[in-house]
Amino acid sequence: MMPGAFQMSPSSAGVQAGRCHGIPPPQIIYEKKRTARCFPDVEEFLKEEVVSCRRVSVQRTFLHIHQDVGPPKKKQRQKKEAEAAEDGRVEVPAWEEYFKSNGFTDCQLIQTFVWKHKDQKDQKDQLIFACVPYPSRPDGALLAEVIQQPAKDLVQCKLKEVQSITKRPLFVCLPFALPEGSLVVADEQLRVQSKELLFDCGTVALFMNATEFWRSVKPSAGNICKA
């Protein structure tokens with residue numbers, strides 16, 4: 001080889017030879033990394049309110065985990081608990097398994113429960129979305145005090161009814177992009193929460209700090225959790 005001459009690499013030489021014989025060069029396809037996104041109406045809400053948050057793709061959804069560790073039938077659950085006791089194992093709650101499977105630490109899961117308040121004047125139902133920190137649950141009587149309505153006029157919605165109202169997957173309920181006329185009530189504990197708030201959106205987990213939650217959602221506040 002003459003000094004200063006350019007030496008082609010085997011791969012380059014192969015491509016050049018292919019061109020001489022009319023063979024097109026191989027195409028390099030770059031796979032675009034998918035960005036985690038919430039539901040379209042939730043994304044619109046986050047955009048309109050300019051919410052500072054982050055989205056994380058979920059490796060195992062709560063629905064799948066619940067089907068594995070939380071059998072819906074009482075007899076099945078009792079049998080599984082008995083088997084675990086015999087083996088010396090402790091059954092892990094589905095949400096705890098959710099945190100572990102997805103590597104979510106140092107955050108506070110926020111659960112949203114839906115209630116209906118029937119207005120005795122026009123007989124229309126108002127939807128009330130109660131936000132509480134896991135593992136707490138809202139109390140109907142305390143919620144009634146906060147919204148200043150009789151407790152007898154409040155009815156908690158069941159899972160299937162919530163799904164019908166929100167049009168979300170089962171177990172997914174969020175305080176964002178709600179039906180018109182809905183009321184959001186958040187427990188006072190969330191005001192002083194220093195950890196990031198976690199909202200389960202099915203295949204995506206949405207994180208934001210407490211300040212952003214209160215600013216964007218503007219919920220009514222009160223002590224609504226059971227003691």
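List of remarks:
- Of all residues in segment 36-63, those that are exposed (fewer than 13 other Cβ atoms within 10 Å of the Cβ) and aliphatic (A, V, I, L, M) total 1.
- Entirely in segment 88-194, the strands (runs of 3 or more DSSP E) that have 2 or more residues that are in contact with a Ser or Thr (Cβ under 8 Å, 6 or more places away or on another chain) and of a type in the set (A, V, I, L, M, F, W, C): 125-133, 183-187
- Complete set of residues in segment 192-214 that are within 20 Å of residue 50 (Cα to Cα) and either surrounded by fewer than 16 Cβ atoms within 10 Å (Cβ to Cβ) or over 11 Å from the mean Cα position of the chain (by Cα) (or both): 196, 208, 209, 210, 211, 212, 213, 214
- Search result, residues across segment 142-175 that are exposed (fewer than 13 other Cβ atoms within 10 Å of the Cβ) and in contact with a helix residue (DSSP H, G or I) (Cβ under 8 Å, 6 or more places away or on another chain): 150, 151
- For segment 195-224, a tally of residues being assigned to a strand (DSSP E or B), closer than 21 Å to residue 127 by Cα and in contact with a helix residue (DSSP H, G or I) (Cβ under 7 Å, 6 or more places away or on another chain) returns 4.
- Segment 48-64 - residue that is under 17 Å from residue 111 (Cβ atoms) and part of a helix (DSSP H, G or I) and, of those, modelled with the highest pLDDT: 62
- The residue list 108, 67 contains one member that is modelled with pLDDT under 95 and of a type in the set (S, T, N, Q), which is 67.
- Of the residues making up segment 34-47, at least one is modelled with pLDDT of 60 or more, in a loop (DSSP other than H, G, I, E, B), of a type in the set (Gly, Ala, Ser) and more than 20 Å from residue 159 (Cβ to Cβ).
- Pairing each residue of segment 34-51 that is under 16 Å from residue 199 (Cβ atoms) with any residue that is acidic (Asp, Glu) and modelled with pLDDT of 95 or more, provided the two are 6+ apart or on different chains, yields C-beta distances under 8 Å for 37/43; 51/212.
- Selection within segment 151-160 - touching a His at 6+ places or on another chain (Cβ under 9 Å) and more than 14 Å from residue 222 (Cβ to Cβ): 153, 155
The values are calculated or read from the model by the stated rules, or taken from the named source; none is laboratory data. Predicted model only: the values in this text are computed from it and were never measured. Here Cβ is always computed from backbone atoms with ideal geometry, including for glycine, and neighbour counts include all displayed protein chains.
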